[in-house]
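Comments concern the structure below.
The values are calculated or read from the model by the stated rules, or taken from the named source; none is laboratory data. Fair warning: this is a prediction, and the values are worked out from it, not measured in the lab. When we count neighbours, we look across all protein chains shown, and the Cβ atoms used for this are built from the backbone with ideal geometry, even at glycine. When the accessible area is computed, the model is the full protein with side chains, heavy atoms only, and any ligands, DNA or RNA have been set aside. Shrake-Rupley method; radii C 1.70, N 1.55, O 1.52, S 1.80 Å.
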Amino acid sequence: MKDTSKIVLDIISNIVLKKKRKLVKPEAKLREDLGLDSIKMIAISAMLIESGIDVNSTDSNVDLSRIETIQDVIDIADEIVNKGK
């Protein structure tokens with residue numbers, strides 16, 4: 001079983017600026033707190049796919065532009081992983 005929370009936190013930690021890494025917590029807002037833009041959201045999506053969490057699969061209708069917090073990303077990743085079982 002994948003630890004989706006750890007995967008998501010690691011991915012986002014690698015995407016954000018070094019000075020903002022201490023802010024990477026489930027309650028952090030992606031845009032306001034971490035300064036992520038749409039390009040970085042696409043990078044997160046690609047890295048999730050590389051780690052085996054296919055946010056682009058036809059079974060999961062994920063609109064990353066509507067995600068606000070890291071917890072939202074974790075919840076979607078959990079849903080995708082659990083759907084695949």
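Let me spell it out: the conditions are (1) basic (Lys, Arg); (2) open to solvent by 90 Å² or more (accessible area, probe 1.4 Å); (3) farther than 14 Å from residue 69 by Cβ, and residue 20 meets all of them except one. Which number is the exception?
Every listed condition holds for residue 20 apart from (2).
Those residues that are at pLDDT below 80, part of a helix (DSSP H, G or I) and hydrophobic (A, V, I, L, M, F, W, C), I need them from the range 42-83; list them, please.
Result: 64, single match.
Taking the options 39, 11, name whichever one is surrounded by 17 or more Cβ atoms within 10 Å (Cβ to Cβ) and either polar (S, T, N, Q) or part of a helix (DSSP H, G or I) (or both).
11
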